[in-house]
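Below is one structure; the comments refer to it alone.
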Amino acid sequence: MTESHFNKMDISEFDGKVCVNGFYLDGHIAYGKECESCGHTVLYDTDYDAYFCPNCNAWHTENCGEADCMFCAGRPENPLPQPGVDDGTYPCRNGGGWGRICVVEVDD
């Protein structure tokens, strides 16, 4: 099992949105689809047309590598803000939509 990047994972889904520890994204919980590394249920991110594991903070959908791909070209290395790495905020990844700005609480 992979250790979680989060001390507590609070994941909820509503109205076509998913919230992971205060970080909102367009998508859904992919019930029945599990991470091969840790067994956690994966999530689907509509903006990047990609599945990811919130526990491992890793994409499960390969990046196509096309420079002009509307899904892959601007996709960040990790799907969620990384506690202790990101500066506490994770700005809107696609410049529009639902205001994907969140504050990450990091326990010292």
Restricting to the stretch 35-51, name every residue that is among the charged types (D, E, K, R) and closer than 17 Å to Asp10 by Cα. Asp45
Met70 vs. criteria modelled with pLDDT of 90 or more and among the aliphatic types (A, V, I, L, M): yes
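Matching residues to (1) under 13 Å from Pro79 (Cβ atoms); (2) in a strand (DSSP E or B):
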residue	(1), (2)
Val18	yes, yes
Leu25	yes, yes
Asp47	yes, no
Asn55	yes, no
Glu62	no, no
Does Leu80 satisfy being buried (at least 17 other Cβ atoms within 10 Å of the Cβ), assigned to a loop (DSSP other than H, G, I, E, B) and at pLDDT 80 or above? yes
Please go through the stretch 1-15 and give me each residue that is at pLDDT 85 or above and closer than 17 Å to Val42 by Cβ, ordered by number. Ile11, Ser12, Glu13
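The values are calculated or read from the model by the stated rules, or taken from the named source; none is laboratory data. This one's a predicted model, so the numbers in the text were calculated from it and none came from an experiment. Ideal geometry is used to build each Cβ from the backbone, glycine not excepted, and the neighbour counts take in all protein chains shown.
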